[in-house]
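Down below is the structure, laid out as structure tokens.
The values are calculated or read from the model by the stated rules, or taken from the named source; none is laboratory data. From a predicted model like this one, the values you see are computed outputs, not experimental measurements. Positions of Cβ are generated from backbone atoms using ideal geometry, with glycine treated the same way; all protein chains shown enter the neighbour counts. Ligands, DNA and RNA are excluded from the accessible area calculation, which covers all protein heavy atoms including side chains. Shrake-Rupley method; radii C 1.70, N 1.55, O 1.52, S 1.80 Å.
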There are 4 protein chains.
Amino acid sequence: MAHARAMLDTHPREFGFPAEDLAAAIEACFDCAQTCTACADACLAEEDVESLRRCITSDLNCSDICVATGRVLSRQTDYDALITQRALESCIRACVACAEECERHAEHHRHCAVCAEACRACAAACSELLDDEVEEELSALQGG
Amino acid sequence: MAHARAMLDTHPREFGFPAEDLAAAIEACFDCAQTCTACADACLAEEDVESLRRCITSDLNCSDICVATGRVLSRQTDYDALITQRALESCIRACVACAEECERHAEHHRHCAVCAEACRACAAACSELLDDEVEEELSALQGG
Amino acid sequence: MAHARAMLDTHPREFGFPAEDLAAAIEACFDCAQTCTACADACLAEEDVESLRRCITSDLNCSDICVATGRVLSRQTDYDALITQRALESCIRACVACAEECERHAEHHRHCAVCAEACRACAAACSELLDDEVEEELSALQGG
Amino acid sequence: MAHARAMLDTHPREFGFPAEDLAAAIEACFDCAQTCTACADACLAEEDVESLRRCITSDLNCSDICVATGRVLSRQTDYDALITQRALESCIRACVACAEECERHAEHHRHCAVCAEACRACAAACSELLDDEVEEELSALQGG
């Protein structure tokens, strides 16, 4: 259903990332943003909401950072390597922290298990892109 | 890849919408938010950017309203029918306006054609949900 | 500190709203978005978090809708009257609902009192703009 | 008008930053998010929009990252030092890049001059907070 890849394939400019990796990271960011919003909401409805405070905060932070990162990655006109790198690092940290917190509650709350999965997938897709970027930079340095 | 339906299926509360329709609308909102961000970026890279001003503005407005609506729909704890209705109406309007504008450029710019498709799909999924809500209200009135 | 008015005064185009009302509504939306995020967080930290579920949901919905509305209002290039109207209506509803809920807790939680004030101010500024828009339309109809 | 400081003063928990610095950074993030949205829109309306592509992209990226950072800073319940640090670094980079780009156009476009000012102010407020955080960590290490 997602159109991220189709949008990259019809973009008028070239971009520094393999389209497959870029589309995967963009989709993972938007999916994680949604999943974390839903997990915060589901946690709020649980009887033991007092023990889910940290989980709700992690969810909300992760969702906001994922929306911002997904949008930064969606903009490839006059792309800025350093902003992208910082955004990816920030996103990976938020996703890993949220996944770790969600995993603590995954046995009792299935929504936390689903959310941890979405966070791990997003962290992996963003790490892949960060690796691509470093490789690109290295190869530019070596070619120069 | 999207986890919207899995999150609804593991939510501790009941909700007033059929889960299938609700998941479809949530996913469509987040997909449309991404597609519109990408379309604004692709338009900005086109040679005839002067003739795409309205398209870029529509894209940006639609993307912001879709993120907000997708998140409101993702929150089913202490759900507020009137806020949901207003958010859906606002989203449908933004999607239809953006689809109409994108369709004007669809022949020359394939990203506009893809974006129009995502906007139409989002407007349709939100309209479906708005119908569900009105039916729910009517049935509550008649049952009462 | 806010730059909304300075940005309107340096914008290359004319716009349909009095700059004073428009700047007031834009600033109120961004302020309310921040205040509601902070109120949701403060509620989450309270001992009686179980009784603040509805307040947290209202805060989060209001914050998201205020960001979207504040951004739509900040875009005056190829302005769309109907999108603006729908966004304002949606924002007013979210602000009023959040203010009402916060007021229920205002005696016990001072952050809820502050948040209710920010929500009421935002609803008032958006209503003023909605009135301006209706007057503009009427005067266009009568002039035509 | 902004309520960031009042919200911090009524928050039930202690937090690791001086309230004055924290409130200043939060307000600067939300102000910068608004200003950048408005600058992107004003650039789009300029006759020489072709030469403002990079400026529009920087504005949009900076606005999204500022919203996310302003919200992360607004959440002090179960605060995560590393996420805050990464978000601040990402925000500072986006603000500096946007200020530099806007300054290139500041002579011809006054909105770019205003936006550069808002970006510099936000970068400074976030840097102050990053220094506070590092000092806090050092003092915790030395105290231990």
Note down all Cβ pairs under 8 Å where the first residue falls in region B:103-125 and is closer than 15 Å to B:ILE56 by Cα, the second is buried (at least 23 other Cβ atoms within 10 Å of the Cβ) and hydroxyl-bearing (Ser, Thr, Tyr), and they're at least six residues apart or on different chains.
B:VAL114/B:THR35; B:CYS115/B:THR35; B:CYS119/B:THR35
Quick check on region C:134-143. Is at least one of its residues within 25 Å of D:THR37 (Cβ to Cβ) and open to solvent by less than 60 Å² (accessible area, probe 1.4 Å)?
no
Given the conditions (1) in contact with a helix residue (DSSP H, G or I) (Cβ under 9 Å, 6 or more places away or on another chain); (2) under 26 Å from A:ARG53 (Cα atoms), report the number of the one that D:ALA113 does not fulfil.
(2)
Name the pairs: first residue in region A:128-144 and farther than 11 Å from A:LEU88 by Cα, second residue among the hydrophobic types (A, V, I, L, M, F, W, C) and surrounded by 11 or more Cβ atoms within 10 Å (Cβ to Cβ), Cβ to Cβ under 6 Å, at least 6 apart or on different chains?
A:ASP132/A:PHE17
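Yes/no per residue for (1) part of a helix (DSSP H, G or I); (2) of a type in the set (S, T, N, Q):
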{"position": "A:ASN61", "(1), (2)": "yes, yes"}
{"position": "A:CYS95", "(1), (2)": "yes, no"}
{"position": "A:GLU107", "(1), (2)": "no, no"}
{"position": "A:CYS119", "(1), (2)": "yes, no"}
{"position": "A:ALA125", "(1), (2)": "yes, no"}
{"position": "A:GLU128", "(1), (2)": "yes, no"}
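Only residues that are assigned to a helix (DSSP H, G or I), more than 7 Å from every other protein chain (Cβ to nearest Cβ) and open to solvent by 10 Å² or more (accessible area, probe 1.4 Å): list them for region C:63-93, please.
Filtering region C:63-93 down to residues assigned to a helix (DSSP H, G or I) leaves C:63-74, C:81-93.
Subset that is more than 7 Å from every other protein chain (Cβ to nearest Cβ): C:63, C:66, C:69, C:73, C:81, C:84-85, C:88, C:91-92.
Across region C:63-93, the qualifying residues are C:ALA81, C:GLN85, C:ILE92.
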Selection from region B:13-32 of residues that are among the acidic types (Asp, Glu) and in contact with a helix residue (DSSP H, G or I) (Cβ under 8 Å, 6 or more places away or on another chain)
B:GLU20, B:ASP21, B:GLU27, B:ASP31
Working only within region A:45-59, note down all residues that are more than 10 Å from chain D (Cβ to nearest Cβ), open to solvent by 10 Å² or more (accessible area, probe 1.4 Å) and in a helix (DSSP H, G or I).
A:ALA45, A:GLU50, A:SER51
Take the residues of region C:21-34 that are over 16 Å from D:GLY70 (Cα atoms) and open to solvent by 10 Å² or more (accessible area, probe 1.4 Å): which is nearest to the chain's Cα centre (by Cα)?
C:ALA24
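Which residues, counting only those in region D:24-34, are farther than 22 Å from C:TYR79 by Cβ, at the interface with chain C (Cβ under 10 Å from one of its Cβ atoms) and hydrophobic (A, V, I, L, M, F, W, C)? Please lay out each step first, then the result.
Let us first name the residues in region D:24-34 that are farther than 22 Å from C:TYR79 by Cβ, namely D:24-32.
Pick out the ones that are also at the interface with chain C (Cβ under 10 Å from one of its Cβ atoms) and you get D:24, D:26-32.
The answer is D:ALA24, D:ILE26, D:ALA28, D:CYS29, D:PHE30, D:CYS32.
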Here the qualifying pairs (Cβ atoms under 7 Å; residues six or more apart or on different chains; first in region C:13-27 and farther than 18 Å from C:ALA87 by Cα and charged (D, E, K, R); second open to solvent by less than 20 Å² (accessible area, probe 1.4 Å) and assigned to a helix (DSSP H, G or I)) come out as C:ARG13/D:ALA45
For C:CYS126, the lone unmet condition from (1) more than 10 Å from chain D (Cβ to nearest Cβ); (2) within 20 Å of C:ALA2 (Cα to Cα); (3) at pLDDT below 95 is (3)
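Give the residue, chosen from D:THR57, D:THR35, D:THR10, that is without any contact (Cβ under 8 Å) to a residue 12 or more places away in the chain, closer than 30 Å to C:ARG13 by Cα and either touching a helix residue (DSSP H, G or I) at 6+ places or on another chain (Cβ under 8 Å) or not polar (S, T, N, Q) (or both). Talk me through it step by step, then tell me what you get.
Details: D:THR35 fails: without any contact (Cβ under 8 Å) to a residue 12 or more places away in the chain; D:THR10 fails: closer than 30 Å to C:ARG13 by Cα.
Of D:THR57, D:THR35, D:THR10, the one residue that is without any contact (Cβ under 8 Å) to a residue 12 or more places away in the chain, closer than 30 Å to C:ARG13 by Cα and either touching a helix residue (DSSP H, G or I) at 6+ places or on another chain (Cβ under 8 Å) or not polar (S, T, N, Q) (or both) is D:THR57.
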For the structure I just gave you, tell me whether A:THR37 is open to solvent by less than 10 Å² (accessible area, probe 1.4 Å), at the interface with another protein chain (Cβ under 7 Å from one of its Cβ atoms), modelled with pLDDT of 95 or more and farther than 21 Å from B:GLU27 by Cα.
no
Kindly list the number of the only condition in (1) in contact with a Ser or Thr (Cβ under 9 Å, 6 or more places away or on another chain); (2) more than 25 Å from B:ALA40 (Cα to Cα); (3) within 10 Å of chain C (Cβ to nearest Cβ) that fails for D:ALA42.
(2)
Candidates A:LEU138, A:LEU73, A:LEU88, filtered to the one that is more than 17 Å from the chain's Cα centre (by Cα) and either farther than 27 Å from D:ASP59 by Cβ or at pLDDT 95 or above (or both):
A:LEU138
Identify the single condition in (1) open to solvent by 10 Å² or more (accessible area, probe 1.4 Å); (2) farther than 21 Å from B:THR35 by Cα that A:CYS98 does not satisfy, given that it satisfies every other one.
(1)
Which condition from (1) closer than 24 Å to B:PHE15 by Cβ; (2) under 11 Å from the mean Cα position of the chain (by Cα) is the one that A:ALA116 breaks?
(2)
In region C:46-97, which residues are closer than 21 Å to C:PRO18 by Cβ, hydroxyl-bearing (Ser, Thr, Tyr) and in contact with a Ser or Thr (Cβ under 6 Å, 6 or more places away or on another chain)?
C:SER74, C:THR77
Number of positions in region D:1-20 that are touching an Asp or Glu at 6+ places or on another chain (Cβ under 6 Å), more than 8 Å from chain C (Cβ to nearest Cβ) and open to solvent by 20 Å² or more (accessible area, probe 1.4 Å)
1
